[in-house]
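To start, the structure itself, in structure tokens.
The values are calculated or read from the model by the stated rules, or taken from the named source; none is laboratory data. Note that the structure is a prediction, hence the values are computed from the model and not measured. Virtual Cβ from ideal backbone geometry, glycine too; neighbours counted across all protein chains shown. Calculation scope for accessible area: heavy atoms of the full protein, side chains included, ligands and nucleic acids excluded. Shrake-Rupley method; radii C 1.70, N 1.55, O 1.52, S 1.80 Å.
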Amino acid sequence: MTLKTKEYKLRIPSQTDNLELIRYFVGRVAEKVGFDDEDVGKIELACDEACTNVIKHAYSDRSQHQSLDIAIKLDYQKLTLIVTDHGKGFDPQAIKIPDMKEYLAELKVGGLGIYLMKTLMDEVTYDIKPGLRNQVSMVKYFINKKDSMVVNNSKKA
Amino acid sequence: MEIKTRTEGAVRILEMTGDLMGGAELDRFRQCIDEAIEEEKVNVVVDLGKVNWMNSSGLGMLISGLTSLRSSGGDLRLANLTERIRRPLQITKLDSVFQQFTSVADAVKSY
């Protein structure tokens, strides 16, 4: 049996004004494949954060090619959202995920975007090739992993 | 994003409309907070009822306002949060930092 997969793509100029349209695109696909309102909101917010990072940081040199590619891949168990830019890239190892206890105690400004992405989605990975292609891939499973473990355990019992 | 300001008694109210996403909007918001501090109206209510969207930059904007006002002896309290706006606050646990009210009137009364 071959697994059915689907892919939706959007190429759009990397501009803050387009974030609403990007969220709409991502949100409607997530809705169409059956995510509830809460998960649709989470996917929209994670995508917004990833795209905002590109707009703010990847294309600070305006001479660079400034498009943003959003791809949504669907298979039987998950939605994978891939945001690709052709900007300057970054070292994902150098990103410090804030310790929220410390963050709340000191009330720092900024640095929450990547924390949000990691918290909102089930998996976040980077593939960075500076100046050529930078990708962030974010996965949301149709069945929450914790729920799936409960189902599996109850099957065993 | 648009910001309308008004004052009720000693409380400055900022009515926000549109998307809270930092950028150029941050300057306008900072200006409103600076004016409130200069005019000694350091107890501020931010009405989020007409805000469609907020990302981490918008959150940063609110935190920056909160810290400035608290260091001037005041506070920044939130009113009329929709579910969509509450989500980033809950996920980052910043909902424990901001006092939230279901109406501007209740937020004003809390001071």
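Some notes on this structure:
- Springs join every pair of Cα atoms under 10 Å in this Gaussian network model of chain B, and among B:SER68, B:SER96, B:SER57 the largest mean-square fluctuation is at B:SER96.
- Neighbourhood net charge (12 Å Cβ-Cβ; Lys/Arg +1, Asp/Glu -1) for B:MET1: -2
- The GluC sites (Glu not before Pro) of region B:22-59 that meet both conditions, a loop assignment by DSSP and at most 15 other Cβ atoms within 10 Å of the site Cβ, are B:GLU39, B:GLU40.
- Most simply put, region B:2-109 has about 30% antiparallel DSSP beta bridges, counting only bridges with both residues inside it.
- Start at zero, step by 10 Å, and the Cα-Cα distances of chain B spread as 15, 55, 29, 1 percent across the bins.
- Accessible area that becomes buried as A packs against B, both chains, 1.4 Å probe, Å², nearest 100: 1800 Å²
- Accessible-area loss of 50 Å² or more (1.4 Å probe, protein heavy atoms, chain alone versus all protein chains) is found in region A:10-46 for A:ARG23, A:LEU45.
- Here the sum of -39500 (n - 2.57) over DSSP H runs of 4 or more residues, divided by the residues of the protein assembly as shown, equals -12000 deg cm²/dmol at 222 nm, to the nearest 500.
- Share of pairwise Cα-Cα distances greater than 20 Å in region A:6-141 is 45 percent (whole percent).
- Cβ-placed point charges (K, R +1; D, E -1), dipole of region A:6-141 about Cα centre in debye, nearest 20: 440 debye
- Test item: A:115-122 mean partner chain Cβ contacts at 10 Å: 2
- Surface per residue (accessible, 1.4 Å probe) for the protein assembly as shown, Å²: 52 Å²
- Percent of alpha-carbon pairs separated by more than 26 Å within the protein assembly as shown: 47 percent
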